Structures are given as C-alpha cells and as structure tokens.
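What follows is a short report on a single structure.
The values are calculated or read from the model by the stated rules, or taken from the named source; none is laboratory data. Small disclaimer: the values here were computed from a predicted structure and weren't measured. Virtual Cβ from ideal backbone geometry, glycine too; neighbours counted across all protein chains shown.
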Amino acid sequence: MSESVIPRPSGAQQGRRFSLGPALLFCPGSRPDRFSKAAERSDAVIVDLEDAVVPGEKEQARQNVVQALNWEEPGLDPATTLVRVNTASSGELDADLDALAGTELGHLVVPKCESVEELDALAERLPGVGIIPQIETPRGVLEAERLAHHEAVVALFWGTEDLIAGLGGVTARRPNGTPRGVIGHIRHTVLLTAAACGIPAIDTICGALADSQRLAVESEDAAAEGFIAKACVHPNQVATVRRAYTPEDADVEWAKALIAAFEQEAGLAMDEGRHAEPTVVGAFSFRDEMIDAPVVLQAQRVLSRYDATRQR
C-alpha cells in the first residue's frame, strides 16, 4: 500500500506551530562536547556551521552535527535543534546540505539570506524542513517580505553586525549599549514583516556577556513587542531570557479571569477559551473595562507563555 501524501502547510500555518523558544542557544558545530549542555540549558539549540566554525574545521563540524542528529553520542533531538548552514558564497553550503539530507532535522537557519531563489533551492534539497532566513544584509531587509511569504519559511531571524557592516557603519550600538537608530528600525521592520506574513520573528543575540541588565532589557522588549524567542550566545543568558518571557503572577491571574469571563460570554466550556477564536463574541465588560477581541488574544498569549513556562 502506498503511503498517503500529506500536503505541506503554508508558511503561515507552520508559523503557528513554531514554538521553539523563548531561549535559543547558539553552539559551535565544532564543539560536540557542548551539545548536551546546550540542549539541557536551553529551549532549543542553534548548532552553527557558519561563523562559529573556522574553515579548517567545517567538515568535522558537519560530521559532529549529523552524528548528534542521528542520536549517536552526544545526541541532539532533531525536533528542538536548528542548524545554521554556511552561505552559498562560502563554497561550503552544498556539503552542508548533503550531510543534513541524511537526518531528521526540523529547522534550518539561512544566514545573510537575500533571495527567494535561494530558498527554492534549499527547500528542494531538504523537503519538509522549516526554513528560517536570517535577515542581516541591506538587500535581505528589502527582500524580507518576499522571503517571509515563501511556503517553506516558518520564521524570520535577524542579526546586527553584518547589517551594520553592510550599511558602511562601524558599530551597531551607542556607547551605552542601546542599538543605533537604523538598527532599531531594521529590528522593527523584521518584526512587522513577519507578523504581516503570519509567521513569528526571532530576536538577535546580545553579545555583551557581562551586561546582564542590557540582556534583561532587550529580552523584556522582545517578549513585550512580539518576538517569539531570543537567541543566546552563552548558557548563562538563558535564565534571563526565560524570565522575561515568564508572565508575572498578577498577569496570569488577570488572564485566567478574563478568559473565564470570555468563556461565559461565548457559551464555551471551561478551558476552551484559551484556544477559541477571540471574535466569537463582541465586546463585553470585565472589571469595569470594555474588552474586545485584541484584548482576549493578549490574555490567551499570556496563558500560552504561562503553560510553556510550567512545561520547562
């Protein structure tokens, strides 16, 4: 009997199922001794074959990743592992894709992504893998909407240092650590573009390892503004990111009470309101405030983050 073919969902449909977060931890593909620790400490691991691996170690890094994804020691769960491949111009991409084709990898990060044709080629080589373009060049910013609409794309990711270099600048941040104006503009452009195309966005790293306050502020902004996750470069950053994405007790109480009121208004059973379409009822009163669909959606998101926190 032939196997049934399940149609590949659209990028927007996949985006709703993309829930690897909030703390995504980079780990060099050349350091398999760190794979297990990275997986234990984070919500998902981004194994890097690009910038974190020197040219002479690329082939060994590929072997390390394939071995780990195939559950050989040190194993990595393909469902919670992303791999960042090399750029096409590096001459290493074909070897990366050949190696990964023999695994059950779920997500591929594409650095310096600039064209839909590039995504077409990747999707053909690795069918069924969710692709995450990394927007980190001026051309990539201008092409972000076209990239986000690609059926294989499940999220947008962005980066700062290559962007500022491509713009002709010398530093992405002001002396106090805050992003310069053009970088902040690009960050929000990526977030808006992803949301408009129905997929989530991933916030870039905070490279200041000793500045926990800066990381906390960036993480809180990312969580509040709508980024589904933030990338980390050290295990010690994970707790700060998770803390930013963990709702306060008062917020959870408010969300639970509002959803209960929403369920009563909509005639839903208990706990159905967490996932119900917010527009099933019109505006209603809750604690002396008028509530409509966008506020219900915010409450649902608070509870989703709360549930994810408890699972972790």
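Quick notes
- Pairs with Cβ under 6 Å, 6+ apart, first in segment 24-51 and of a type in the set (S, T, Y), second not in a helix (DSSP H, G or I): S30/V53; S36/P74; S42/A23; S42/L25
- Close contacts from segment 252-268, counting a first residue that is touching a residue at least 40 places away in the same chain (Cβ under 8 Å) and a second that is β-branched (V, I, T) and outside any helix (DSSP H, G or I), with Cβ to Cβ under 7 Å and a gap of 6+ residues or different chains, come to L258/I291.
- Within segment 17-54, considering residues that are under 20 Å from the mean Cα position of the chain (by Cα) and surrounded by fewer than 13 Cβ atoms within 10 Å (Cβ to Cβ), the one modelled with the lowest pLDDT: R17
- Contacts under 7 angstrom Cβ, first residue in segment 288-303 being within 16 Å of E263 (Cβ to Cβ), partner basic (K, R), 6 or more apart: Q300/R274; L303/K256; L303/R274
- All of (1) polar (S, T, N, Q); (2) free of Cβ contacts under 8 Å to residues at least 40 places away in the same chain; (3) under 19 Å from R31 (Cα atoms) hold for T87 with one exception: (3).
- Residue-level check: of (1) at pLDDT below 95; (2) under 16 Å from A223 (Cβ atoms), D288 misses just (2).
- Filter pass, L69 being assigned by TED's automatic domain parsing to the domain that holds E143 and either under 26 Å from L167 (Cβ atoms) or in contact with a strand residue (DSSP E or B) (Cβ under 7 Å, 6 or more places away or on another chain) (or both): yes
- Screening segment 210-277 for helices (runs of 4 or more DSSP H) wholly inside it with 3 or more residues that are in contact with a Leu (Cβ under 8 Å, 6 or more places away or on another chain) returns the ranges 238-245, 249-266.
- For A194: the one exception among (1) within 16 Å of K230 (Cβ to Cβ); (2) surrounded by fewer than 15 Cβ atoms within 10 Å (Cβ to Cβ): (2)
- Residue match in segment 198-205 (condition: among the polar types (S, T, N, Q), touching a residue at least 24 places away in the same chain (Cβ under 8 Å) and closer than 24 Å to E161 by Cα): yes
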